[in-house]
Amino acid sequence: MADRDERNHSNDSQREPDAKAEAGEKTAKGFSRRQFIKGSGLAVGAGVLANEGLLKAAGIESTPVVSGPGAVPVQLKINGRLHSLRLEPRVTLLDALRNHLDLTGAKKVCDRATCGACTVIMDGRPVYACTVLAIEAQGHAIETIEGIAPAHKLHPVSQSFVDNDAQQCGFCTSGFVMAVKSYLDHHPNPTYDEAKASLNGNLCRCGTYMGIRKAVLEAATKEKGGRL
Amino acid sequence: MRDFEYGNPSSLKQAIALLGANFDQAQVLAGGTDLISLMKDYIVTPRRVVNIKGIADLRGVHESAAGLRIGSATVLEDLFERPAPLHPFPSLRTAIAGVSSAQMRSMGTVGGDLLQRPRCWYFRNGFGLLARDSQGRSLVPNGDNRYHAIFDNAGPAYFVSPSSLAPPLITLGATARVTGPKGSREIPVAELFRTPRDASEREHTLGPKDILTEILIPARSRTLRNATYEVRERHVMDWPLVTASVALRMEGKRVRQATVVLGQVAPTPWRSQAAERALAGKELDEAAAAHAGDAAAQGAHPLSRNGYKVQLVRVAVKRALLQAIA
């Protein structure tokens with residue numbers, strides 16, 4: 001029942017411009033400053049489910065064996081919230097985030113699983129959102145840069161990037177932060193060489209690696225409540 | 001990318017039923033790190049994409065009396081972060097670590113590494129696997145062939161096999177289970193690969209309705225001394241220039257039997273029987289390792305811009321051998 005309601009809501013918001021804006025604003029309250037500033041969202045078929053128990057009912061089990069090539073219902077759990085969209089199977093997770101949910105923290109740079117600017121965390125592991133189909137991300141927990149900081153505070157990794165001058169243009173930064181967060185979640189005590197290796201999947205054309213490496217080590221210390 | 005139907009089977013049988021009579025009709029999607037990019041560039045344009053990650057049987061690592069079974073859809077990060085079952089196979093561990101980013105390892109699968117398409121830049125830019133111009137002539141011999149083959153390159157294929165895992169798996173005597181509409185068969189990993197002789201052939205022997213389901217490293221291989229040495233231009237975000245994997249059955253200090261397989265030098269993983277013969281019965285020291293490296297380089301036919309790879313073969317084989325007995 002909840003499942004059907006979500007999809008209907010999504011369908012409506014695709015058709016009705018007013019409904020779109022409404023859905024967009026609803027999402028903005030939750031997490032998107034950019035969307036608030038813009039006043040109205042893009043095509044956000046965003047249903048925010050408060051009840052975690054509904055996830056299962058709305059999850060991947062209900063997906064038919066073959067779907068598409070036209071738009072089909074896709075439900076994504078992003079930063080703890082369930083979003084109902086209608087997407088073609090060819091839409092990547094990155095495009096779903098940026099173009100349909102207005103979550104623009106993950107950046108589109110190479111779009112070929114190389115540069116790391118689109119890194120998000122899926123089921124606790126870093127992935128290139130540009131190379132995951134949105135439809136295959138259903139049923140998985142996705143964390144983006146928008147979801148890792150409590151209100152009005154930076155995540156310790158982001159704060160360490162600021163404190164260590166670990167960015168110049170900043171375009172790659174959110175991808176680096178997500179890769180580093182994921183790494184430190186699994187490896188809280190990295191050596192310098194390990195910290196360096198944790199950055200292997202991300203490129204910074206400004207060349208701020210020295211600062212980024214320092215930021216990784218400092219974030220590791222801070223997260224354990226320690227001081228450098 | 002072109003639009004497509006998305007198949008999301010939960011069983012192998014269902015998955016095979018969703019595949020088509022040719023690769024234009026349907027492609028298997030696992031980690032997607034290769035396929036999605038190929039689709040974005042319209043190098044492959046399947047009508048249907050069949051995601052096999054929802055098939056539980058295809059994931060995981062199991063020890064049995066027969067050996068170590070690795071499901072084809074097992075992501076590399078599972079093997080990298082929990083390397084205990086791979087303890088006897090440093091050769092394989094090195095190759096997995098060579099896929100150097102957590103993102104690639106978290107997405108990429110064992111089967112995907114083996115079956116990734118060649119990285120040849122002519123292929124990736126739409127000139128086909130045989131890199132031909134409009135008159136049917138290969139662009140490679142007179143083109144930029146710095147990363148192309150130095151063995152088995154008389155044409156029409158000049159690309160190199162890009163798999164990192166194939167050389168170690170072949171030296172370890174691993175087999176691949178392939179399942180199709182008529183049932184499943186077990187073949188040596190080396191037989192997944194072939195050098196295409198014309199445009200109708202691909203670099204893999206799998207048919208359009210076949211799925212690679214499992215790799216088995218036989219129990220007897222646990223006692224082989226083994227190592228992989230990769231020579232790289234960049235330490236991360238790139239494939240090796242040359243890889244050498246070796247596995248040795250030792251008798252004291254002497255080599256009773258050696259298997260030497262090179263990667264990134266031929267359209268298939270390239271077994272060097274000359275190097276194997278050079279090692280058989282010999283006491284393995286630095287001179288013998290260097291001699292085997294020289295033997296491995298025999299018969300190489302570099303193209304106009306990849307002569308450097310011949311020396312890399314010598315060095316990679318020598319270093320892999322010395323690592324295996326260290």
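Points worth noting:
- Filter pass, residue B:131 being assigned by TED's automatic domain parsing to the domain that holds residue B:222, surrounded by 22 or more Cβ atoms within 10 Å (Cβ to Cβ) and more than 20 Å from the chain's Cα centre (by Cα): yes
- Search result, residues across region B:272-286 that are buried (at least 23 other Cβ atoms within 10 Å of the Cβ) and over 19 Å from residue B:252 (Cβ atoms): B:272, B:275
- Test result for residue B:261, over 15 Å from residue B:161 (Cα atoms) and hydrophobic (A, V, I, L, M, F, W, C): no
- Test for residue B:39: is it within 15 Å of residue A:112 (Cα to Cα), part of a helix (DSSP H, G or I) and open to solvent by less than 60 Å² (accessible area, probe 1.4 Å): yes
- Flag if residue A:124 is at positive phi, modelled with pLDDT of 95 or more and away from chain B (no Cβ under 14 Å): no
- Scanning region B:71-114 for residues that are part of a helix (DSSP H, G or I) and free of Cβ contacts under 8 Å to residues at least 40 places away in the same chain yields a count of 15.
- Counted residues, region B:81-106 - those being more than 18 Å from residue B:245 (Cα to Cα), open to solvent by 10 Å² or more (accessible area, probe 1.4 Å) and not small (Gly, Ala, Ser): 6
- Residues of region A:88-113 classified as polar (S, T, N, Q) and in a helix (DSSP H, G or I), total: 1
- Count of region B:287-304 residues which are open to solvent by 60 Å² or more (accessible area, probe 1.4 Å) and either free of Cβ contacts under 8 Å to residues at least 12 places away in the same chain or part of a helix (DSSP H, G or I) (or both): 3
- Residues in region A:64-87 that are out of contact with any His (no Cβ under 9 Å at 6 or more places or on another chain) and either among the small types (Gly, Ala, Ser) or part of a loop (DSSP other than H, G, I, E, B) (or both): A:64, A:65, A:67, A:68, A:69, A:70, A:71, A:79, A:80.
- Here the condition is being open to solvent by 10 Å² or more (accessible area, probe 1.4 Å) and among the hydroxyl-bearing types (Ser, Thr, Tyr); of B:243, B:259, it holds for B:259 alone.
- Some residue of region B:16-27 being closer than 30 Å to residue A:187 by Cα, in contact (Cβ under 8 Å) with a residue 12 or more places away in the chain and more than 10 Å from chain A (Cβ to nearest Cβ): no
- Residue match in region B:59-71 (condition: within 14 Å of chain A (Cβ to nearest Cβ), surrounded by fewer than 23 Cβ atoms within 10 Å (Cβ to Cβ) and in contact with a strand residue (DSSP E or B) (Cβ under 8 Å, 6 or more places away or on another chain)): yes
- Only a single item in (1) open to solvent by 10 Å² or more (accessible area, probe 1.4 Å); (2) away from chain B (no Cβ under 12 Å) is not met by residue A:88, and it is number (2).
The values are calculated or read from the model by the stated rules, or taken from the named source; none is laboratory data. Here the structure is a predicted model, which is why all the values come from computation and not from measurement. Glycine also receives a Cβ, built like all others from the backbone with ideal geometry; neighbour counts cover every protein chain displayed. Each accessible area value is taken on the protein alone, full model and side chains, heavy atoms only, with ligands, DNA and RNA left out. Shrake-Rupley method; radii C 1.70, N 1.55, O 1.52, S 1.80 Å.
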